[in-house]
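Worksheet: one structure, shown below.
The values are calculated or read from the model by the stated rules, or taken from the named source; none is laboratory data. None of these values were measured; they are calculated from a predicted model. Here the Cβ positions follow ideal geometry from the backbone for every residue, glycine too, while neighbour counts run over all protein chains shown. Keep in mind that these areas ignore ligands, DNA and RNA; they rest on the heavy atoms of the full protein, side chains included. Shrake-Rupley method; radii C 1.70, N 1.55, O 1.52, S 1.80 Å.
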Amino acid sequence: MCGIVGYIGTHKARPILINGLLKLEYRGYDSAGISTIENGKISCLKNKGRVKELENMNGVSSLEGTVGIAHTRWATHGKPSSTNAHPHLDNSKTFSVVHNGIIENYNELRNFLTSAGYKFFSETDTEVIPNLVHYYYTKEDENTPDKFAHAVRKATLDLKGSYAIEVLCSLEPDKIIVARKDSPLVIGINENEKYIASDIPAILEYTNNIYILNDGDLAKLTKNNIVFYDTSFNVINKSPEIISWDAKAADKNGYDDFMLKEIYEQPTAIRETIGTRLVSGKKCDFSDLNISKEYLSGISNIYIVACGTAMHAGLAVKPIFERLISVPVTVDIASEFRYRDPLIDEKTLIICISQSGETADTLAALKNAKSMGCKTIAVSNVIGSSITREADFTIYTHAGPEIAVASTKAYTSQITILSLLAIHFAEVLELDENEMLQNLKDEILELPSKASIALENTDLIKSFAKKIYKEKDLFFIGRGTDYAAAMEASLKLKEISYIHSDAYQSGELKHGPIALIEDNVTVIGIITDRRLVEKSVSNLQEVITRGAKTLIVTNQNLDKKIFPNIVTIPQVHPLLSPVISIIPLQLLSYYVSKEKGLDVDKPRNLAKSVTVE
């Protein structure tokens, strides 16, 4: 969740570090800090609050050093405060450290270091790291080559949990040491300049030549060179990847907010995700997966494991997998998966979805599934992310950088790529569904243009947002795949407007929730399956008779005398409808939040990449 930036080169580090932190604000944070080497000594400035407040602190503008590290913190151990903010120093102020992740054995390490004479000033787990590095540094022989890197490696071997760290040393001011385990870290390179970040957008405007660190990697950076080490401190070779994202993709491009920009980018994101996977008149191309007919014929069930919006994408595609390949699909919340002893084995296929590829719960679930003999497929938007490296197979969406905390284009891209995967499985199995498969493929190719149409008429959505933005409770209902969309719409409203909302299957209203319906309560219905129109209309009439006001998102012909607020979307196959039906409801959440004057892109208490459990 926290953000890491580092720089070593020929320019002043301060503006590069501050700019990188600003690029990472979407990750969510409560404090920020910066350390640079100034005349052979470490300067450390940090503050509770936003990056702009850090930038305006006394002393920050005078930082001249060309080596530095910086951090935005989201509190885990210890309340938000300037003392708990990163970077943290050792007692001698020789080492400065920023850290993403959680050190699970920090109490044990703290006790050890305390007995060795070290004192602690913060409530954080991170503060053990610089002191541990100092402890090992003082134990090294003066003539030890790479003494600084050796000390960091020995310190990381004592750490249990997850970490991505950057370390400065005033005694070796021309180096930065970095290491990672279960938390992301990348290094960008230019001639005589090196950039470090927890996420690629922070450094993309400076370079697109990126090294992606694997678990257990440690690297020693100077302005002219990088040396990579494995867990045994052996030098290893790594090659950089060329990232094709345009740096401007992380800018707002004239939109008021990143979320609005990303909602409107969905036609492009869907089109890019389809890419060459599907060409008119041909079978879906997932040849890179190398999953055989023999294997697919032998699986007994599929688990789709994810969190939040990604989990809702799993719910949206569950019906298309079951309909096309007749294999039962369980959609499981990743944070619960490994603690409930799931009934899985080598005949279970696990599909893990994570936009960032760094979601800690999903990564842990994937590792657990692999240990039980399951084959695993990762679905991610981030090349080289942790989940993609752990999985047996990987499928990438191509939504581009998603900056707003509340996911939009990643969700519709996930549904798109997984729908294509379901069709691919059916084609590999050579099931007698050719006509249906062709219809679905034709419709998927039309999704980008239909998404564009769904974005055209927003007047009703804006006016309805003005009517409901002061409300405390709302309800979303739908049947079949419309219920999956209702769940995601409800989550979006909660995330960015802080209005309580619930989603229910329409038929469940009479089994309890209808007791909550009274005058002027808002119920938002989704109706996209013609087979279920009559039932869905009946359910909505039940709430209207009890005084509710309604908004309907539909591609069916409904009576406007009964339903005065109808948002019409393009016709689409019910198995694909969540891609289109969610779009006006994303916009509704956005405009409700704007009416309330809230920070749409950075909702309270939330972070983009949930890299801790």
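Taking the condition assigned to a loop (DSSP other than H, G, I, E, B), open to solvent by less than 40 Å² (accessible area, probe 1.4 Å) and either without any contact (Cβ under 8 Å) to a residue 60 or more places away in the chain or farther than 27 Å from I582 by Cα (or both), does V331 pass? Give the steps one after another, and end with the answer.
Values: assigned to a loop (DSSP other than H, G, I, E, B): no; open to solvent by less than 40 Å² (accessible area, probe 1.4 Å): yes; either without any contact (Cβ under 8 Å) to a residue 60 or more places away in the chain or farther than 27 Å from I582 by Cα (or both): yes.
Considered against the rule, which asks whether it is assigned to a loop (DSSP other than H, G, I, E, B), open to solvent by less than 40 Å² (accessible area, probe 1.4 Å) and either without any contact (Cβ under 8 Å) to a residue 60 or more places away in the chain or farther than 27 Å from I582 by Cα (or both), V331 comes out as no.
Restricting region 192-235 to residues that are more than 27 Å from the chain's Cα centre (by Cα) and open to solvent by 50 Å² or more (accessible area, probe 1.4 Å), which is modelled with the lowest pLDDT?
Filtering first and then ranking leaves T231.
Name the pairs: first residue in region 484-501 and in contact (Cβ under 8 Å) with a residue 40 or more places away in the chain and more than 17 Å from L551 (Cβ to Cβ), second residue polar (S, T, N, Q) and open to solvent by 30 Å² or more (accessible area, probe 1.4 Å), Cβ to Cβ under 6 Å, at least 6 apart or on different chains?
As it stands, the answer is none, since no pair meets every condition given.
Does region 549-558 hold any residues that are part of a loop (DSSP other than H, G, I, E, B) and either open to solvent by less than 30 Å² (accessible area, probe 1.4 Å) or in contact (Cβ under 8 Å) with a residue 12 or more places away in the chain (or both), and which are they?
In the first step, residues of region 549-558 are kept if they are part of a loop (DSSP other than H, G, I, E, B); the result is 555-558.
If the condition is that a residue be part of a loop (DSSP other than H, G, I, E, B) and either open to solvent by less than 30 Å² (accessible area, probe 1.4 Å) or in contact (Cβ under 8 Å) with a residue 12 or more places away in the chain (or both), then N555, Q556, L558 are the ones that fit.
Identify all residues within region 425-469 that are in contact with a Cys (Cβ under 7 Å, 6 or more places away or on another chain) and free of Cβ contacts under 8 Å to residues at least 24 places away in the same chain; write none if there are none.
Of everything in region 425-469, nothing turns out to be in contact with a Cys (Cβ under 7 Å, 6 or more places away or on another chain) and free of Cβ contacts under 8 Å to residues at least 24 places away in the same chain.
Kindly check whether there is at least one residue in region 199-218 that is in contact (Cβ under 8 Å) with a residue 40 or more places away in the chain, within 21 Å of G40 (Cα to Cα) and not basic (K, R).
The answer is no; no qualifying residue exists.
Taking into account only those residues within region 123-138 that are open to solvent by 10 Å² or more (accessible area, probe 1.4 Å) and either touching a residue at least 12 places away in the same chain (Cβ under 8 Å) or hydrophobic (A, V, I, L, M, F, W, C) (or both), which is farthest from C169 (Cα to Cα)? First the steps, then the outcome.
First, pick out the residues of region 123-138 that are open to solvent by 10 Å² or more (accessible area, probe 1.4 Å): 123, 134-138.
With either touching a residue at least 12 places away in the same chain (Cβ under 8 Å) or hydrophobic (A, V, I, L, M, F, W, C) (or both) added as a condition, the list becomes 123, 134-137.
On the way: E123: 23, H134: 9, Y135: 13, Y136: 13, Y137: 10 Å.
Restricting to residues being open to solvent by 10 Å² or more (accessible area, probe 1.4 Å) and either touching a residue at least 12 places away in the same chain (Cβ under 8 Å) or hydrophobic (A, V, I, L, M, F, W, C) (or both), the top hit is E123.
Return the total of residues in region 334-345 being over 16 Å from L315 (Cβ atoms) and either open to solvent by 100 Å² or more (accessible area, probe 1.4 Å) or in a strand (DSSP E or B) (or both).
Of the residues in region 334-345, 4 are over 16 Å from L315 (Cβ atoms) and either open to solvent by 100 Å² or more (accessible area, probe 1.4 Å) or in a strand (DSSP E or B) (or both).
Being under 16 Å from T550 (Cα atoms) and in contact with a His (Cβ under 9 Å, 6 or more places away or on another chain) is the requirement here; does L460 meet it? Step through it out loud before you land on a result.
Numbers: under 16 Å from T550 (Cα atoms): yes; in contact with a His (Cβ under 9 Å, 6 or more places away or on another chain): no.
So L460 fails the test.
Against the condition in contact (Cβ under 8 Å) with a residue 40 or more places away in the chain and out of contact with any strand residue (DSSP E or B) (no Cβ under 6 Å at 6 or more places or on another chain), how does G308 come out, does it pass?
Spelling it out, G308 is indeed in contact (Cβ under 8 Å) with a residue 40 or more places away in the chain and out of contact with any strand residue (DSSP E or B) (no Cβ under 6 Å at 6 or more places or on another chain).
Is it the case, given these coordinates, that R546 is part of a helix (DSSP H, G or I) and modelled with pLDDT of 90 or more? Show your work before the answer.
Numbers: part of a helix (DSSP H, G or I): no; modelled with pLDDT of 90 or more: yes.
For R546, the condition - part of a helix (DSSP H, G or I) and modelled with pLDDT of 90 or more - is not met.
Quick one: which of K154, K160 is open to solvent by 10 Å² or more (accessible area, probe 1.4 Å), closer than 20 Å to N234 by Cα, out of contact with any His (no Cβ under 8 Å at 6 or more places or on another chain) and of a type in the set (D, E, K, R)?
Numbers: K160 fails: closer than 20 Å to N234 by Cα.
Of K154, K160, the one residue that is open to solvent by 10 Å² or more (accessible area, probe 1.4 Å), closer than 20 Å to N234 by Cα, out of contact with any His (no Cβ under 8 Å at 6 or more places or on another chain) and of a type in the set (D, E, K, R) is K154.
Go through region 491-517 and count every residue that is in a loop (DSSP other than H, G, I, E, B) and under 33 Å from the mean Cα position of the chain (by Cα).
Within region 491-517, the first condition is being in a loop (DSSP other than H, G, I, E, B), and the residues that meet it are 498-499, 512, 517.
Now narrow it down to the ones that are under 33 Å from the mean Cα position of the chain (by Cα): 498-499.
The number of residues fulfilling the criteria is 2.
Name the single residue that is farthest from D502 (Cα to Cα) among those in region 311-328 being open to solvent by 10 Å² or more (accessible area, probe 1.4 Å) and not in a loop (DSSP other than H, G, I, E, B).
Residues of region 311-328 that are open to solvent by 10 Å² or more (accessible area, probe 1.4 Å), as a first pass: 311-312, 315, 318-319, 322-323, 325-328.
Narrowing further to those that are not in a loop (DSSP other than H, G, I, E, B): 311-312, 315, 318-319, 322-323, 325.
Working: M311: 16, H312: 14, L315: 16, K318: 21, P319: 22, E322: 26, R323: 28, I325: 32 Å.
Once the filter is applied, the top-ranked residue is I325.
Test S61 against the criterion of being open to solvent by 70 Å² or more (accessible area, probe 1.4 Å), assigned to a loop (DSSP other than H, G, I, E, B) and over 21 Å from S170 (Cβ atoms), and give yes or no.
Values: open to solvent by 70 Å² or more (accessible area, probe 1.4 Å): yes; assigned to a loop (DSSP other than H, G, I, E, B): yes; over 21 Å from S170 (Cβ atoms): yes.
When the stated conditions are applied, S61 passes them.
Among the residues of region 61-88, which ones are among the β-branched types (V, I, T) and within 22 Å of K194 (Cβ to Cβ)? Give the steps one after another, and end with the answer.
Taking region 61-88 first, the residues among the β-branched types (V, I, T) are 66-67, 69, 72, 76, 83.
Those that are among the β-branched types (V, I, T) and within 22 Å of K194 (Cβ to Cβ): T66, V67, I69, T72.
Of the numbered conditions (1) closer than 21 Å to I461 by Cα; (2) in contact (Cβ under 8 Å) with a residue 12 or more places away in the chain; (3) open to solvent by 40 Å² or more (accessible area, probe 1.4 Å); (4) in a helix (DSSP H, G or I), S589 satisfies every one except a single condition; which is it?
(3)
Checking V567 against (1) in a loop (DSSP other than H, G, I, E, B); (2) more than 25 Å from the chain's Cα centre (by Cα), which single condition isn't satisfied?
Only one criterion is unmet by V567, namely (1).
Can you pull out the residues in region 518-544 that are open to solvent by 10 Å² or more (accessible area, probe 1.4 Å), within 20 Å of V572 (Cα to Cα) and either among the β-branched types (V, I, T) or within 36 Å of the chain's Cα centre (by Cα) (or both)? Give the steps one after another, and end with the answer.
Initially, region 518-544 is screened for residues open to solvent by 10 Å² or more (accessible area, probe 1.4 Å), giving 518-521, 529-535, 537-538, 541-542, 544.
Add one more test, that the residue is within 20 Å of V572 (Cα to Cα), and what stays is 529-535, 537.
If the condition is that a residue be open to solvent by 10 Å² or more (accessible area, probe 1.4 Å), within 20 Å of V572 (Cα to Cα) and either among the β-branched types (V, I, T) or within 36 Å of the chain's Cα centre (by Cα) (or both), then D529, R530, R531, L532, V533, V537 are the ones that fit.
Pairs under 8 Å by beta carbon, first residue open to solvent by less than 70 Å² (accessible area, probe 1.4 Å) in region 37-56, partner part of a loop (DSSP other than H, G, I, E, B) and of a type in the set (D, E), six or more apart or different chains?
From region 37-56, the pairs are E38/E64; G49/D30.
What number of residues within region 64-81 are assigned to a loop (DSSP other than H, G, I, E, B) and at pLDDT 95 or above? Break it down into steps so the answer makes sense when it comes.
The first filter runs over region 64-81 and keeps only residues assigned to a loop (DSSP other than H, G, I, E, B), leaving 64-66, 74-81.
This time we only want the ones that are at pLDDT 95 or above, so: 64-66.
The qualifying residues number 3.
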